[in-house]
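The structure appears below as structure tokens.
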Amino acid sequence: MSMQGPRVSTPLPGPESARILGRLDDVLYPGLVHGLGPFVVRRKDGSFIEDVDGNVFLDLISAMASVPLGSANERIMKAALEALPAIGLEDAHFFAHEHMLPLAEGLVAIAPPGITRVDIALNGTEAVETMIRFMRRATGKPIVIGFMGGYHGEAGTAGAVGAETSDLSTGYRALMPGFVHVPYPNPYRTPFVARAGGTGDGTVDYLHDHVLFHAIDPGEVAGIVIEPVLGSGGCVAPPDAFWTALRALCDEYGFLLAVDEVKCGYGRAGTMFAVERWDVRPDLMALGKAMGGGVMPIGAVLGTEAAMGFDDISTGSTWSWFPASCAAALETLAIFREEPVLENVRALEAVGADALAGLMDRFAAIGDVRSVGCFQAIEPVKDRASKERDLELQERLARGMAERGILADSSTTSLNLQPSLVLEPERLREAYGVIGEVLASLTGDR
């Protein structure tokens with residue numbers, strides 16, 4: 001039965017959610033339970049979530065962008081359920097199964113030009129870890145450059161190359177040498193301006209003129225890892241000039257350009273892979289999250305012959321490319337081929353851009369808004385001139401929206417809206433109407 005909503009009839013959490021969350025508090029790692037949302041999920045349908053108290057919410061989080069095509073998409077579920085009893089688990093490092101070849105060939109077929117190789121992974125974090133190992137092996141160089149604001153996972157080298165906030169790497173940053181970070185090319189917050197006669201982009205000028213001159217010998221750099229669109233770090237897209245300058249810098253010094261498309265790939269940025277928006281040709285790509293269609297976990301690393309044409313690195317884990325996960329991933333690719341998913345994403349981007357511009361005009365407490373496909377964000381500030389973030393208002397906005405049945409991700413820098421790629425555009429427009437009402441109640445602006 002399809003859900004009707006949004007509809008919230010209890011305080012959050014409701015009584016049954018409060019009971020369960022209270023008991024979880026006694027048994028779960030405290031750092032996990034303290035980050036849980038204000039209700040307990042009972043079931044999901046499309047873009048709606050029902051909690052154990054009967055409240056229904058419009059989901060504009062999509063399991064942190066892991067569910068691209070609506071919850072438990074029937075086509076993908078059917079494919080996974082057919083593969084599960086036929087094979088169960090097989091260690092794809094030891095025996096190939098029949099879903100591996102079509103999936104690997106399918107990924108190469110849609111990848112940017114130059115990509116010829118695929119490696120298996122269980123999820124995005126594992127894919128990023130493997131990608132960095134490939135970078136160092138292919139070049140024989142130790143240093144990897146990442147970006148402040150980027151998120152690549154929370155374990156080992158994936159956590160070390162990321163730098164969304166300093167607390168995410170507490171306890172192991174100092175134990176993971178070989179990573180250098182520069183500010184992400186955020187058009188709203190970048191400290192850099194392109195210099196005359198430089199690379200054409202202020203961030204790349206900083207890399208070229210300062211980091212590689214004063215701090216790092218370019219001969220020790222394996223390459224650069226970047227999210228083509230910042231995900232949890234704020235739904236930020238770099239300016240066009242950045243990509244031309246960055247690719248030229250990599251070519252000048254022989255750096256590998258490695259892109260983390262775990263969150264921004266598979267249509268969320270309006271193209272199958274985010275780099276396609278700028279016609280960027282990476283050397284390596286990490287995939288995950290949406291690759292399994294929101295039904296099964298899976299990840300992958302894609303690369304060129306130069307970046308992956310060796311055979312002496314052991315990668316992945318036992319559950320990497322689990323047969324049912326591959327079946328789900330194949331069906332996900334089929335849906336992108338056969339259904340107008342990307343067209344709908346572009347329609348959602350237009351709805352978001354229009355609605356966000358209106359909110360920006362109405363509310364002085366909003367410093368910046370962004371709409372990049374189904375990455376959309378509101379960045380509250382205490383003052384537009386100083387751009388000081390107002391995280392308290394951001395949290396109150398997220399809470400007020402949830403109480404009205406609209407779920408968004410209050411991230412480290414902004415309120416992020418990540419709708420399903422197949423959400424009806426009118427649903428998103430209605431949600432922005434609610435957001436405007438909540439903001440008005442919080443700020444007094446009309």
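Pairing each residue of region 34-63 that is touching a residue at least 60 places away in the same chain (Cβ under 8 Å) and farther than 23 Å from Arg396 by Cβ with any residue that is among the charged types (D, E, K, R) and open to solvent by less than 30 Å² (accessible area, probe 1.4 Å), provided the two are 6+ apart or on different chains, yields C-beta distances under 7 Å for Ser47/Asp59. Annotation note: of Leu89, Leu81, Leu101, the sole residue that is at pLDDT below 95, open to solvent by 70 Å² or more (accessible area, probe 1.4 Å) and either farther than 19 Å from Leu417 by Cβ or assigned to a loop (DSSP other than H, G, I, E, B) (or both) is Leu89. Quick one: is Ala274 more than 15 Å from Gly303 (Cβ to Cβ), at pLDDT 95 or above, surrounded by 24 or more Cβ atoms within 10 Å (Cβ to Cβ) and not charged (D, E, K, R)? Judged against the criteria, Ala274 is a match.
So that you can scan it fast, the table gives a plain yes or no per residue for (1) touching an Asp or Glu at 6+ places or on another chain (Cβ under 9 Å); (2) in a loop (DSSP other than H, G, I, E, B); (3) touching a residue at least 40 places away in the same chain (Cβ under 8 Å):
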residue: Gly159; (1), (2), (3): no, no, no
residue: Pro177; (1), (2), (3): no, yes, no
residue: Pro187; (1), (2), (3): yes, yes, yes
residue: Asp209; (1), (2), (3): no, no, no
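If the condition is being over 19 Å from Ala222 (Cβ atoms), surrounded by fewer than 24 Cβ atoms within 10 Å (Cβ to Cβ) and more than 15 Å from the chain's Cα centre (by Cα), then region 282-310 contributes only Met296.
Asn344 meets each of the listed conditions (1) in contact (Cβ under 8 Å) with a residue 60 or more places away in the chain; (2) closer than 21 Å to Ile132 by Cα; (3) open to solvent by 10 Å² or more (accessible area, probe 1.4 Å); (4) out of contact with any Phe, Trp or Tyr (no Cβ under 7 Å at 6 or more places or on another chain) apart from (2). Within region 412-428, if we keep just the residues that are part of a helix (DSSP H, G or I) and of a type in the set (D, E, K, R), the residue that is surrounded by the fewest Cβ atoms within 10 Å (Cβ to Cβ) turns out to be Glu426. If the condition is being of a type in the set (A, V, I, L, M) and farther than 16 Å from Gly299 by Cα, then region 248-271 contributes Ala248, Leu249, Leu256, Leu257, Ala269. Taking (1) more than 21 Å from Ala327 (Cα to Cα); (2) surrounded by 14 or more Cβ atoms within 10 Å (Cβ to Cβ) in turn, Ala72 satisfies each apart from (1).
The values are calculated or read from the model by the stated rules, or taken from the named source; none is laboratory data. Here the structure is a predicted model, which means the values were calculated and not measured. All Cβ positions, glycine included, derive from the backbone under ideal geometry; neighbour counts span all protein chains shown. Protein only, heavy atoms only, side chains kept; ligands, DNA and RNA dropped before computing areas. Shrake-Rupley method; radii C 1.70, N 1.55, O 1.52, S 1.80 Å.
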